[in-house]
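**Student:** One structure is given below, represented as structure tokens, and several questions about it will come after.
The values are calculated or read from the model by the stated rules, or taken from the named source; none is laboratory data. Note that the structure is a prediction, hence the values are computed from the model and not measured. Glycine also receives a Cβ, built like all others from the backbone with ideal geometry; neighbour counts cover every protein chain displayed.
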Amino acid sequence: MNLASWIVRREQIVSHALRRATELALDETTVTALRAALRTTADEVVQAIIDEVPSYANALSGRMGGTIRRAVRTALGHVPRSRER
């Protein structure tokens, strides 16, 4: 499998997983706990990217790093949903 095919397949898998995750209906306590962890989780995701690809360190610092962290929090924040709503 070439890189382009792998990327397309990975995006299909992630898209499917996100669709399934949005179908979750969690209790309010769980949703609150997940949302509280979003900032730390976003920071950990960005740090993991830098650890795995050191050449991204400069690209993920400063203003761009803040933008990426907010994007990760936004993406993760779409998943937790309370069944009480």
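**Student:** Taking the conditions exactly as written (polar (S, T, N, Q) and at pLDDT below 80), does Ser15 satisfy them or not?
**Tutor:** yes
**Student:** I've got another one for you. Residue pairs, Cβ under 6 Å, 6 or more apart or interchain, first in region 63-85 and at positive phi and aromatic (Phe, Trp, Tyr), second modelled with pLDDT under 65 and not in a helix (DSSP H, G or I). List them.
**Tutor:** none
**Student:** Test of understanding: among Val53, Val79, Val72, Val31, which residue is surrounded by 15 or more Cβ atoms within 10 Å (Cβ to Cβ) and at pLDDT 80 or above?
**Tutor:** The conditions single out Val72.
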